[in-house]
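See structure below.
The values are calculated or read from the model by the stated rules, or taken from the named source; none is laboratory data. As the structure is a computational prediction, the values presented were derived from the model and not from experiment. Cβ sites come from the backbone with ideal geometry, for glycine too, and all protein chains shown count toward neighbours. Accessible surface is based on the protein model in full, side chains and every heavy atom, while ligands, DNA and RNA are left aside. Shrake-Rupley method; radii C 1.70, N 1.55, O 1.52, S 1.80 Å.
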Amino acid sequence: MESGTLDQSATVDELVEASIKVFEADGPSGDVSLTRMFLMMHSWYLSSADLAKTLLVKSQEADCSPSRQLQICHLIKYWISEFPAEFDLNPELANQIREFRDLLTANENDHLSQLIDIESVPSYSWRRQLSDQSQTLSKKSKTSLLFDHLEASELAEHFTYLEYKSFCKILFQDYHSFVMHGCTVDNPILERFITLFNSVSQWIQLMVLSKPTAPQRAAVISHFIKVAKELLYLQNFNTLMAVVGGLSHSSISRLKDTQALISSEDRKVFNSLVDVVTSSGNYSHYRQRFSECEGFRFPILGVHLKDLIAVHVALPDWVDRAKSQVNLVKTQQLYSILQELALIQTTPPSITERKDLLNLLMVSLTQYHTEEDIYQLSLQREPRKAGRSMSVSSAPTQTPVIEEWSTVKSKADPALTGKHIEKMVESVFKNFDTDGDGHISQQEFESIKHNFPFLNKFDDVDKNEDGMISPEEMIEYFNKAISQLSGKMGFVHTFVEVHSIKPTRCDHCSGVIWGPYKQRYKCKVCGVNCHKACQNSLAVECRKRTMSVSFEEFACPRTRSLSFPPPLASQQPGRGSVILEQSRGEDVFDTHL
């Protein structure tokens, strides 16, 4: 069947035959777009092992001529060259191709077996690693690493470097798994990228709230507005949305005294940035800007993941009840989205990174606090005004202690955590031990504390009470904090069954609960959500949203959200929006895509 007749639907066999006919004695002879789409997208309706088996059977048919065998071998060669990761990550598929090659050799078809070079497939294990290898830090660099003193452009560039590096590890198999399962279960690479996105948004909130006075907090907000502007200049829309989302969060937008100190010019810039990433019109403003970009550009991955799921849910895989005709309209739409994401990985940003800054950013971004903890810190910074119906805790204002390291797994790898801690402490001492005596004084500690919200009081770290903090004491402090967070807490929730009109993540398995036909269980007391099957396994503390949180104790961390928080247009700084703090409910817990 000619490729021109494959516009709407085709059988799997017709697609296989059309792909074979593209090749001649010396390789592809015409347009390979249909063949490439089929080889990338076939897993939607045919496993790779089954596709390989089909090709092997066709090559061994009695009426298969030598020229047809050559065409099939060229098709397999093209498959390997265009999608090598599939053969590296799928041992069953690789073994099938090896057996076919050996069969050709046994039949004295060496010229055909030489086309199938399965052994030259590179290893993709490095792309599946969840953490960076140890990096050698510059011993001569004494540049200040106070985050709020960094140039906005430098911070934006290093945000971009980190996210792009994480993005390049995502393969087609990760997208396919996400779409088919509707969540990131058994998908650690995509899970880690989404975690990094959420970490940027949360870290920005903590950086603002770490400042004790309204002028200081306003200065930090203005600085991050400049960072967001630089991100737009770099065409990094993903991190731009994370920054805008962090500054738009209710824990920041409710700070009326702080918001009043932000200049009208900064407010105008921020509103224009919000307009770029707003979800109105199905992100029409973002889509327009993104389509006009040239060179390096970094998409809001959450938008494109939603597009993938929307196409997958809206269109059937097959056009007939017998499931014999593949829906090529759906295949083409999915392919267009995935092909665009793949091409972005081939155009890296032009950025010269600083290893020490990257190291400190990575460690700072891998702290985790619950939504409740951050909101309570916001209440401590600027308590509710007199006359509000809710009382305010009299707990003293202080920076919350260090929480769990970056991982959506409930239990971090101790060896990896220890390595991160040692690297962080090394960088801290190299850049903040100004007199070079190998210890951190109380004055030096204040500089660190104001820029790393996860640090607590000086006396908590200075265990021997000699007025100085040694590297060993700082490492011990962080290790102890991690160990105290590893406990598992379980409390009874009061669940009610509700419809999930918009995507909501399950606080147990982190899967997506999406669609009016899906049901979710929501706790009336604390607002956590989960699948019906997960309600009895949920290990999240049940706390009332309005209850005061004491930062003297380590709170049980809630599973990190795996969705992308959009900016809240109704909560932009300076717009006089009112946040109903008496019942945070959906306004806070369901602000994710």
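Observations
- Calculated FRET value between T346 and E292, using beta carbons and R₀ = 22 Å, to 0.05: 0.70
- Surface analysis of the range 1-122 yields an accessible area of 47 Å² per residue, using protein heavy atoms and a 1.4 Å probe.
- Per residue, the convex hull spanned by the Cα atoms of the range 200-245 amounts to 49 cubic angstrom.
- Fraction of accessible area attributable to carbon and sulfur, the range 6-125 (%, probe 1.4 Å): 48 percent
- Estimated FRET transfer efficiency (A314, K457; beta-carbon r; R0 56 Å; 0.05): 0.55
- Rolling a 1.4 Å probe over the protein heavy atoms gives the range 204-316 an accessible area of 35 Å² per residue.
- Carbon/sulfur fraction of accessible area - the range 209-297, other protein chains in place, 1.4 Å, %: 52 percent
- In summary, the aspartates and glutamates within cross-link reach of K385, defined as a Cα separation below 15 angstrom excluding same-chain residues under 8 places away, comprise D257, E581.
- Once the mean of 1/r is taken over each pair of separate Cα atoms and inverted, the range 206-286 shows a Kirkwood hydrodynamic radius of 12.9 Å.
- Only Lys, Arg, Asp and Glu carry charge here, each on its Cβ (+1 for the first two, -1 for the last two); on that basis the range 1-87 has a dipole of about 240 debye about its Cα centre.
- Three-way shape label, the range 270-314, alpha-carbon gyration tensor, a/c 1.5: oblate
- Using a simple spin-label model with pseudo-atoms 7 Å out from Cα toward Cβ, D117 and V498 lie 5.8 nm apart.
- FRET efficiency, 1/(1 + (r/R0)^6) with R0 35 Å, evaluated for D31 and A322 via beta carbons: 0.75
- The alpha-carbon atoms of the range 15-125, seen along their principal axes, cover 37, 30, 23 angstrom, with the largest extent given first.
- In nm, spacing of pseudo-spin labels at K256 and Q442 (7 Å Cα→C-beta vector): 3.7 nm
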